[in-house]
1. Can you name every residue in the range 53-73 that is open to solvent by 50 Å² or more (accessible area, probe 1.4 Å) and either modelled with pLDDT under 95 or within 29 Å of the chain's Cα centre (by Cα) (or both)?
2. I need the full set of residues from the range 750-795 which are among the small types (Gly, Ala, Ser), open to solvent by 10 Å² or more (accessible area, probe 1.4 Å) and within 23 Å of Leu709 (Cα to Cα), in order please.
3. Could you list, in sequence order, the residues of the range 474-522 that are closer than 23 Å to Gly753 by Cα and open to solvent by 30 Å² or more (accessible area, probe 1.4 Å)?
4. List the residue pairs whose Cβ atoms are under 6 Å apart, where the first residue sits in the range 257-285 and is surrounded by 19 or more Cβ atoms within 10 Å (Cβ to Cβ) and among the β-branched types (Val, Ile, Thr), the second is part of a helix (DSSP H, G or I) and modelled with pLDDT of 95 or more, and the two are 6 or more positions apart or on different chains.
5. Find the residue count for the range 197-223, including only residues that are in contact with a strand residue (DSSP E or B) (Cβ under 8 Å, 6 or more places away or on another chain) and at positive phi.
6. What residue, among those in the range 476-524 that are over 29 Å from Pro749 (Cα atoms) and of a type in the set (Ser, Thr, Tyr), is modelled with the lowest pLDDT?
7. So, in the range 796-829, of the ones that are assigned to a helix (DSSP H, G or I), touching a residue at least 12 places away in the same chain (Cβ under 8 Å) and of a type in the set (A, V, I, L, M, F, W, C), which residue ends up most open to solvent (accessible area, probe 1.4 Å)?
8. Filtering the range 323-355 down to residues that are under 21 Å from the mean Cα position of the chain (by Cα) and of a type outside the set (A, V, I, L, M, F, W, C), which residue is nearest to Gln461 (Cα to Cα)?
Amino acid sequence: MARVFKFFCLGFFLNSTLLSQDLQYYLPQAIDYNHEIPTPASVIGHSVGEWHLSHDKLTGYMKAIAESSGRATLDTYGYTYEGRPLMLLTFTSPENHQSLEEIRKQHLKLSDPSQNTNLDIENMPVVVWLGYSVHGNEASGSNASLLAAYYLAAAQGPEIEDLLNNTIILIDPSINPDGMNRFASWVNSHRSKNMDGNPASLEHNESWPRGRTNHYWFDLNRDWLLLQHPESIGRVEKFHYWKPNVLTDHHEMESHRTFFFQPGIPSRNHPLTPKNTFKLTASIAAYHAKALDEIGSLYYTQESYDDFYYGKGSTYPDVNGSIGILFEQASARGHLQSTINGELTFPFAIKNQFTTTLSTLKAAKELRIELLEHQRNFYSSTIDESDSDKLKAYVFQSPDQGRVYHFLEVVLRHQIDVYQAARDISVNGTEFKARHSYIVPLNQGQYRLIKALFEQRTEFQDSLFYDVSAWTLPLAFNLEFSEISGHYFRQSLLGDLIETPDFPKGQVIGDKSSYAYIFENQEYYSYRAINRLFKQQLRVKVATEPMILETGVVMPPGSVIIPIADQEMNPDDIYQLMMLIAENDGIDVRSLSTGFSSKGKSWGSPTVKPLTKPKVLVLADEDINGYEVGEVWHLLDQRFDVNMTLVSQNKFAALDLNKFNTLVLVSGRYRSMNQKAVEKLKLWIQNGGQVICWKSGAKWMSDSKISSLHYKKNEADTLAQSPYSRRKSVDVQNIGGAIFKVKLDLTHPLAFGMEHSTMPVFRNSALFMKRSSNPFANPIMYTADPLISGYIHANKLEELKNTPAVGIAHLGKGRIIAFTDNPNFRAVWYGTNKLFLNALFFGSTIEFKAPK
């Protein structure tokens, strides 16, 4: 039996040579446990909390539980980028398991207004989803899931029988397996036999990029709404498969805090969430308070965190008829850490997470009827609300069918009905062509979620946000969209219901060519097509001005030309490659029989420029924004198959830069780039290198005297005194995340393939670039009325107006392309992705020079 330690006043432990705990430390003791159910230690080889659990051990234990208990089944709902399984255990009584599918189908009727009116909920089980450790280095949650599984499988007596008879319990033991494993490896490999609680210890300070994120360094707790990663896609599919009544989201926070549970800050709730959601959250909170009181744990609520952004695990359920609950446990960030509250041990953190797991289950069982009724009313009320709404639908379109395809993927995964437009329509002065237009009617169960995805909100009760203030999804995809009011909407506008979106298919127009092929770069995956050409060692050119074919077809700037002559690949194989591009990249490729055009420039014109294969280097380490590095890595690696190299700053000085032609600098301080590295970078640019940078990474280039671009100084707007009590809420001039309008110079290579002269961009910084004296150096500018959606302080809005969104500086033969904003935010900004990709593939064609 593992050694047991005395529990001191607030549940913290004294240091010891071993930090193992027997199960009796965690589990309710007034009940018996089935000895045929394996304990965690019998499978993982150590006591819970003695070591940090690796994902393979977690998987092994959950499999052992499912194999040994008639109360549990185990499903795999997906795999991470690193191939780890994403598991979901279902616990209920053996009798319920016998009719589980019928129970599920009956439960789903609650969310269908056409079927839920006469449902008998008196004997209907409540469904609870327990979600642990979406941030891999907040590990007490996943380690507590072992205890939850053991308790639900092994506990005996009338109380557990009653719980299982009336509840379907879904355990997601590790939402982020890749991050979990990365963190466990770090803290276990730095654990001493004699525990060191010093916060400065290497054990508590994991190396960059740390275990918070998934393989590509994304925060999965921002992806519930955006659905860009396999972990989120599989999880949300399972969420809608069950539509739980309660979903818990177990996290950790700063070590010097205690324990938080929702409700959050009342003034920061999203107005689309029904008030009853927060009422029920408060009712459930009373159970957490009582349970934590019983074990002597300190806690707080209605502070620090909010329920505004629907892309988080504790908030997404709120807009889907469920109750989402956030738990935040002070983190040991290892096995033992000294804090202002005493010695914080990993077992104590696990115990708090397990305690609130049990309080959640107790609350759900005792509030079962209220929770089921809430879900029914949530969806029933959408009919009345949509009927009274002046808006009846949204319509969207784009000639770029790749972006439309991915937009449809996201929307359909949220159980939203989308229809092909039955005919051409004109809305608010915009013509929407039936072939490329889609309509989302509001009169459906997901009314509130549709509003949340499409609305453009600029008025708020509070000016502070835990996360972004705007996420209007069609703007992220740069789709043309409009509201349809009741005056214009007719059911006859709705064509076929979209069941599954089809990836666009292109075609080769014309016969096999002996001269050249050409395609536009309007389609999202045209860059993948270009990269395919480079991988086959083909020579590729781009038209920098409009070209007119003999057929009269106008090919816009950015059109890509593949000549046949003097290629290493033979014409037959080139033709097969064009067929593959049309099929797999959704692009129409045109066959050219001549380079002559009687209607304009010929294909040998000096305006047709050769392209160079991008050889990409990205700096990535401690004082560089890991999220933004991950966004570049994911974009190029997953979507466009572009090879790239990630290098730390301390390797830069010795690196052979001649192997690269493009350097990407995301936000960061770049403190390890000493003067020698700066001079090396300058020389590389002078010899023809290209730097693509943004936000503080771009400003570092200017501060280091490499770039000639300049930025406005951020100065305090006032010296007025404020009450000390408001010290945490006065920074309202920070731009936490909003959407703005910019205007484009469509003749510029950075705007190749763009459909309109304006577009939305996402901004979450207060860094403003000054205009260049070179009239060609700022091809993208914020408009005079830039705010589209989200919050920005009036003073900052005035500063932003008519400022550059992009600046270009020339140094020798090379160039610096500086964005004020991140074009790849959270992998969902498909629209501004194209600006970054244009810089990457077409930046070498930019000829003008910015003044030095």
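The values are calculated or read from the model by the stated rules, or taken from the named source; none is laboratory data. Owing to the predicted nature of the structure, the values given are computational and were not obtained by experimental measurement. For neighbour counting, all protein chains shown are included, and Cβ atoms are generated from backbone atoms with ideal geometry for every residue, glycine included. We work out accessible area using only protein heavy atoms, side chains counted, and drop any ligands, DNA or RNA first. Shrake-Rupley method; radii C 1.70, N 1.55, O 1.52, S 1.80 Å.
1. Asp56, Lys57
2. Ser765, Ala766, Ser772, Ser773, Ala784
3. Correct list: Glu480, Phe481, Asp502, Phe503, Lys505, Gln507, Ile509, Gly510, Glu520, Gln522.
4. Taking only residues 6 or more apart or on different chains, the pairs are Thr273/Asp318; Thr277/Asp318; Ile284/Ala363.
5. 0
6. So in the range 476-524, the residues over 29 Å from Pro749 (Cα atoms) come out as 483-502, 511-512.
When the remaining residues are screened for being of a type in the set (Ser, Thr, Tyr), the result is 485, 488, 492, 500.
On the way: Ser485: 95, Tyr488: 92, Ser492: 96, Thr500: 96.
Filtering first and then ranking leaves Tyr488.
7. Initial filter on the range 796-829 (assigned to a helix (DSSP H, G or I)): 796-800, 825-827.
Those left that are additionally touching a residue at least 12 places away in the same chain (Cβ under 8 Å): 796, 799-800, 825-827.
Adding the requirement that they be of a type in the set (A, V, I, L, M, F, W, C) leaves 800, 825, 827.
Working: Leu800: 0, Phe825: 26, Ala827: 7 Å².
Among them, the one singled out is Phe825.
8. Narrowing the range 323-355 to residues under 21 Å from the mean Cα position of the chain (by Cα): 324-328.
Within this subset, residues satisfying the condition of being of a type outside the set (A, V, I, L, M, F, W, C) are 324, 328.
Working: Gly324: 21, Glu328: 25 Å.
Across the range 323-355, the extreme among qualifying residues is Gly324.
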